[in-house]
1. Which numbered condition in (1) in contact with a Ser or Thr (Cβ under 9 Å, 6 or more places away or on another chain); (2) within 18 Å of Glu330 (Cα to Cα) is the only one that Ser389 fails?
2. In this structure, does Ser295 turn out to be closer than 29 Å to Asp360 by Cα, at pLDDT 95 or above and surrounded by fewer than 21 Cβ atoms within 10 Å (Cβ to Cβ)?
3. Does the range 261-274 contain at least one residue that is in a helix (DSSP H, G or I), farther than 29 Å from Thr131 by Cβ, away from the ligand (no atom under 16 Å from the Cβ) and over 20 Å from the mean Cα position of the chain (by Cα)?
4. Going by what's in this entry, would Arg102 be described as among the basic types (Lys, Arg) and surrounded by 19 or more Cβ atoms within 10 Å (Cβ to Cβ)?
5. Quick one: count up the residues across the range 73-89 that are outside any loop (DSSP other than H, G, I, E, B) and surrounded by 15 or more Cβ atoms within 10 Å (Cβ to Cβ).
6. Restricting the range 206-227 to residues that are of a type in the set (A, V, I, L, M) and not in a helix (DSSP H, G or I), which is farthest from the ligand (Cβ to nearest atom)?
7. Suppose we filter Tyr390, Tyr399, Tyr367 for residues that are among the hydroxyl-bearing types (Ser, Thr, Tyr) and at pLDDT 95 or above; which single one remains?
Amino acid sequence: MSRPEHPHIPWSGPAEGPRILGINPWIFDFAAFNVWSRPVGLLACLDMLRAAGASVALVDCLDRTWEDARWPSPGKYGTGHYPKEELPLPEPLAFMDRRYSRYGLPRDMVREALAALDPAPDLVLVTSIMTYWYPGALEVLDIAAELWPDVPRVLGGTYATLCTEHARAHARADLIMQGSMELPANWASLWQRLGLPAPSLPPNAGLSLALDLYAEPHYAPILGSRGCPFTCEYCASRALYPDFTQSAPDAVFSALRAEYDRGVRDFAFYDDALLINPDRWLWPVLDRINAEDLSLRLHTPNAMHVRRLSADVCARLKRAGLHTVRLGLETTDFDHRHDVKLTRREWEDGARNLLDAGFDLDDIGVYILFGLPGQDLGNVEQAVEHVRSYGFRPHLAHYTPIPHSPLFAEAAKVSPYPLAREPLFQNNSIWPCVPGGFNWDEAKRWKLLLQGK
Ligand code: SF4
């Protein structure tokens with residue numbers, strides 16, 4: 001499928017079904033880079049709605065979408081920059097000495113395309129990813145309200161789930177949906193807005209994605225599970241997905257194969273706990289990639305659990321085509337951790353197993369958490385040195401205080417900003433829990449440290 005010309009937005013699914021338009025809003029932030037980004041929650045919703053009889057369409061403000069849209073050329077393995085338009089700083093962030101932008105498709109282009117959408121939607125579904133990107137969701141909802149005042153608007157996703165009261169107070173939405181659409185109460189209330197009885201949930205709801213709604217994709221997500229069985233203190237995975245569910249291998253492989261047959265060669269795992277129960281779906285899928293001799297590149301933008309990286313696991317991942325390896329190492333202070341328990345021995349074994357399996361040092365990046373409440377930044381420096389001593393690339397994962405995560409109350413206590421009241425202060429670019437907050441001198445110093453200078 002080739003990209004349409006602007007302003008065309010195609011509908012997909014039974015013409016007689018209700019028309020549901022899904023929108024992934026722009027990013028509003030100080031920086032943004034596309035690391036195989038896809039709004040998987042929204043894509044899961046559109047897939048289950050279409051399978052249940054709806055006609056669906058997608059406007060992803062973070063995808064090029066139209067042949068005549070100007071978009072930076074993709075970089076390594078399909079990652080890349082977004083177009084951006086600089087905006088005035090929102091009033092709460094006026095103290096920041098950094099540029100703030102809307103990232104993604106030009107606003108006018110999106111508005112014109114929505115205005116030209118024919119037939120018009122019967123319901124608009126807007127997602128939200130990071131809580132502090134909510135201005136993008138509000139802007140899209142405003143446009144939908146202007147264009148189709150009588151069409152119900154539903155806001156879901158992370159911001160809607162974790163900052164529900166804020167969303168109720170600020171979003172022009174008829175329904176703020178908390179949690180996954182496949183939850184029985186959410187499924188029922190969505191169909192109620194359409195004035196229709198709720199059909200049965202289709203099989204694999206929540207795990208099957210409407211990836212075909214993208215024309216000419218450079219990459220695709222793979223989703224084999226939802227949720228995570230662990231409870232790291234800084235993470236809100238449990239609040240977003242209380243259960244850990246895994247897909248069946250056939251479903252995961254068919255989705256991958258369909259994208260491969262469309263020419264996609266870069267695939268990013270979106271699982272939070274990729275290496276848990278790998279016999280359930282991961283090994284069968286990797287075995288089929290090998291058996292069918294697919295030549296592709298796999299990436300793990302979400303950090304993998306180092307303690308699971310046995311020699312066998314590393315060899316299997318390498319054989320199937322894993323290229324980009326991201327590991328999580330919160331700290332090398334192994335006795336005081338906020339994440340999944342990891343001993344020094346496990347870390348060293350995992351690191352060695354990766355190298356023995358033949359991974360390139362350049363493709364292995366290690367996330368080190370920076371800016372936790374009360375964190376001794378000297379430990380972060382040590383962790384950077386430690387990671388570099390293996391030849392791996394250290395990356396700082398800037399701590400984001402996420403509402404409903406176990407650590408949020410402590411973050412709100414130490415931060416000078418009202419984190420719970422205003423989600424814009426949850427932006428990790430302002431270093432919300434680092435004494436003194438973001439400043440350019442410190443940012444440059446850390447950049448040099450990461451480079452070993
Ligand atoms: S940080 Fe990762 S491992 Fe920890 S709870 Fe969240 S998703 Fe699970």
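1. Of the numbered conditions (1) in contact with a Ser or Thr (Cβ under 9 Å, 6 or more places away or on another chain); (2) within 18 Å of Glu330 (Cα to Cα), the odd one out for Ser389 is (1).
2. Details: closer than 29 Å to Asp360 by Cα: yes; at pLDDT 95 or above: yes; surrounded by fewer than 21 Cβ atoms within 10 Å (Cβ to Cβ): yes.
Against the criterion (closer than 29 Å to Asp360 by Cα, at pLDDT 95 or above and surrounded by fewer than 21 Cβ atoms within 10 Å (Cβ to Cβ)), Ser295 qualifies.
3. Taking the range 261-274 as the starting set, the residues that turn out to be in a helix (DSSP H, G or I) are 261.
Of the ones still in play, those that are also farther than 29 Å from Thr131 by Cβ are 261.
Among the residues that remain, those that are also away from the ligand (no atom under 16 Å from the Cβ) are: 261.
With over 20 Å from the mean Cα position of the chain (by Cα) added as a condition, the list becomes 261.
Checked against the condition, which is being in a helix (DSSP H, G or I), farther than 29 Å from Thr131 by Cβ, away from the ligand (no atom under 16 Å from the Cβ) and over 20 Å from the mean Cα position of the chain (by Cα), the range 261-274 yields at least one hit.
4. yes
5. Narrowing the range 73-89 to residues outside any loop (DSSP other than H, G, I, E, B): 76-78, 80, 84-87.
Those left that are additionally surrounded by 15 or more Cβ atoms within 10 Å (Cβ to Cβ): 77-78, 80, 84.
Count: 4.
6. Residues of the range 206-227 that are of a type in the set (A, V, I, L, M), as a first pass: 207, 209-211, 213, 215, 220, 222-223.
Next cut, not in a helix (DSSP H, G or I) only: 207, 209-210, 215, 220, 222-223.
Numbers: Leu207: 16, Leu209: 19, Ala210: 24, Ala215: 31, Ala220: 21, Ile222: 16, Leu223: 14 Å.
So the residue we want is Ala215.
7. On the way: Tyr390 fails: at pLDDT 95 or above; Tyr367 fails: at pLDDT 95 or above.
On inspection, the qualifying residue turns out to be Tyr399.
So that you can scan it fast, the table gives a plain yes or no per residue for (1) at pLDDT below 95; (2) among the acidic types (Asp, Glu):
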{"position": "Arg308", "(1), (2)": "yes, no"}
{"position": "Gly321", "(1), (2)": "no, no"}
{"position": "Leu329", "(1), (2)": "yes, no"}
{"position": "His336", "(1), (2)": "yes, no"}
{"position": "Thr343", "(1), (2)": "yes, no"}
{"position": "Glu346", "(1), (2)": "yes, yes"}
{"position": "Asp349", "(1), (2)": "yes, yes"}
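The values are calculated or read from the model by the stated rules, or taken from the named source; none is laboratory data. Being a predicted model, the structure only gives us computed values, none of them experimental. Ideal geometry is used to build each Cβ from the backbone, glycine not excepted, and the neighbour counts take in all protein chains shown.
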